[in-house]
Amino acid sequence: MAVAFFVMVNISFMAMRENAISIKAKANESSDDFQDIRYTTVGNDTEKEYLSEEQIAAEDKWIEEEKKREEAPKEEPKEVVEIYTPPVGAKIVYLTFDDGPGPDTNRLLDTLKKYDVKATFFVTCGRAQYRDAIKRAYDEGHTIGLHTCSHDYGRIYASDEAYFNDLNEVSNLVRDITGKESKMIRFPGGSSNTVSKQYSAGIMSRLVAEVGNRGYVYFDWNVSSGDAGNIYDANSVYNNITRSLKGDYSIVLQHDIKSFSVDAVESVIKFGKQYGFTFKALDESSPTAHHRINN
Ligand SMILES: [Zn+2]
């Protein structure tokens, strides 16, 4: 009985708290259970309630806690920020884009222009409809490198002669478009590729020597965006790049024929600038990040 009453009182007290006047008085009634009376007046009605000391103590405690909650300073929700400490060094970033030009190359050039960032394009012959982008990239101060015309592994790595024939095709194309001959190259698959083994054993070992004899400089990379692997979103590209930036120099591998990879570029640039990295286009005297040859 006492327990049921206690619950009822508390519910009515909490419900009426906002618009009721509550008076507690010492009880005259003799009772083992109830020592205090509370008169609660709502409008013209006054309710008489018997309260035990425990009930009063519980209500006082509740009022006190409620007051504290109301007075406590409201905390702003905290954003979770990952701590990033940039590496120490010259912090040069060479953004490089392979396999273009493609439908997203112009959009990429817009982004680079917006942030005044120069990059490097290792181009293929691609489709004729996108070749204007090679001209635009060159005119806007980016470096045009050669990546072979066909990018067809079976064709380019069939023999040393086949490789140079294919390279000459894209070299001539770039010269016709820009008026300048490029002596900077990147091997499809990189110099460390093993896919060439199935077409010609030892061809990479021969080619890296021969391109040097012919006055070319070849570039690999030391930061991979992973955009040619099993990722398909800009956020993963962004994370792969920004987490791997080096203190001295970073040659970043991306593909401008991958739309999601182009999507990541603006965020990468913002990140780089925020943490003191400098973006540059490769030239013939830049670091080359050569890989170990595997064929
Ligand atoms: Zn490629």
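Per-structure values
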| read-out | value |
| --- | --- |
| Extended-chain gain in nm, criterion 0.36 nm per residue less alpha-carbon gap, Ala201 and Lys183 | 3.9 nm |
| Cut-off under 5 Å, modelled amide H: who pairs with Val93 long-range | Ser250, Thr278, Phe279, Lys280 |
| Calculated from backbone phi, Karplus (6.51, -1.76, 1.60) coupling profile of the range 233-246 in Hz, x at Gly/Pro | 9, 4, 5, 5, 4, 4, 5, 4, 6, 5, 6, 10, 5, 9 |
| FRET E, pair Tyr232, Thr85, Förster distance 35 Å, beta-carbon r, rounded to 0.05 | 0.75 |
| Rough spin-label spacing in nm, given labels placed 7 Å along Cα→Cβ, for His290 and Asp139 | 3.7 nm |
| Highest-first arrangement of 177-183, 121-127, where packing means the average Cβ count within 10 Å | 121-127, 177-183 |
| Span from the the range 233-276 Cα centroid across to the the range 71-142 one, whole angstrom | 7 Å |
| Nonlocal Lys pairs with alpha-carbon distance under 30 Å, the range 158-295 (8 or more apart, or different chains) | 16 |
| Residue-by-residue Karplus 3J(HN,Hα) for the range 252-261, coefficients 6.51, -1.76, 1.60, Hz, glycine and proline x | 9, 8, 9, 10, 7, 8, 9, 4, 5, 6 |
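We did not get these values from a lab; they are worked out from the coordinates using the rules stated. Remember, predicted model here, so these are calculated numbers, not experimental data. As a convention, Cβ positions derive from the backbone with ideal geometry for all residues, glycine included, and neighbour counts pool all protein chains shown.
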